[in-house]
Structures are given as structure tokens and as C-alpha cells.
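Q: Structure in C-alpha cells, see below.
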Amino acid sequence: MTSEKNYPAKHCHAVVIINEQHTLLSEQVELLEAEFKSYEELDVPTEGWAEEQIYEQYKTLATAEALVVLSPIPLLLGLLASRRKNQTGFTYVLHNDVREKKELPNDKVVYTVAQEGWQLLDVNFLSVQNPNKLTGGNDG
């Protein structure tokens, strides 16, 4: 079922952000095809992106017509991001760009977030106080 919103999504190209180990389910493909003119997948590496790589992806994605995040929490992310329009509250992210490669007994290789290397990032500060970091300027 597609949304019945009054916006030009049916005329937009969407970028679907998805973990490279995942594949779109047939129902997800149907929803995307019904909602957008076209779409492409941006595969997030299993080992994740380093912080600087995330900023590079942001700069590329900032000009996309439509973004779809395939994650267990995309609605929550979207709601939190949209509250920035009202300038209410602060948003922080516990971020760790370090992944550890682990081999399971069945020889399957998985990547997990490392126990160490965590950062508490003030998303408001990064996007408002330090726009050079997000827009490609040189901040030293």
C-alpha cells in the first residue's frame, strides 16, 4: 500500500540506503516502484563507514530527490530529524565506526560493532555550528 500524500514522490528518483548483506524483499520493491519514478540502492559496506566516509556520503546524498533508509529504526530517525525544523531540543548520536570481523563456527563471516571506539556526537553542533564539515568546506 502506498501513501496517499500530496508530494511529488512519483516523479522523483530515490536512493535506497541498505546494508550490502541485505536484499530488498518483493513487497519492499513493490512499494518503491509504486511510490517513485525510479530508485537505486546505495549499499552500505558490511564493515560500515568511518566517520569521514559518512560525511562524504552525506554530501552526496544531501542533493538526492528522495531518500529511503532501510533500517529497523528509519521512522524514528526521520521523526527526530524532522524536529530540527522546529529547533526544539538537542539530538545526539552514539556512534562507533569501528567494526570487528568475526568468523562463526559455520565459517560465516560477520561484522559487529567494536566494544571500544564509541563517540557521543552532537548532531545539532555538527550540522549547525560546523557546517563546513557537512558541506565540504575546510575546517582545518
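A short reminder: the numbers here are calculations on the coordinates, not readings from a lab. The structure displayed is predicted, hence computed values, not measured ones.
Q: So which aspartates and glutamates can residue 59 reach, going by Cα to Cα under 12 Å and dropping same-chain residues fewer than 8 places off?
A: none
Q: Return the aspartates and glutamates within reach of residue 108: Cα separation strictly under 19 angstrom, same-chain partners fewer than 8 residues apart disregarded; answer none if there are no such residues.
A: Partners within reach: 20, 47, 100.
Q: Using amide H atoms built 1.01 Å from N in the peptide plane, name the residues 5+ places from residue 44, or on other chains, whose amide H lies under 5 Å from its own.
A: 18, 19, 20
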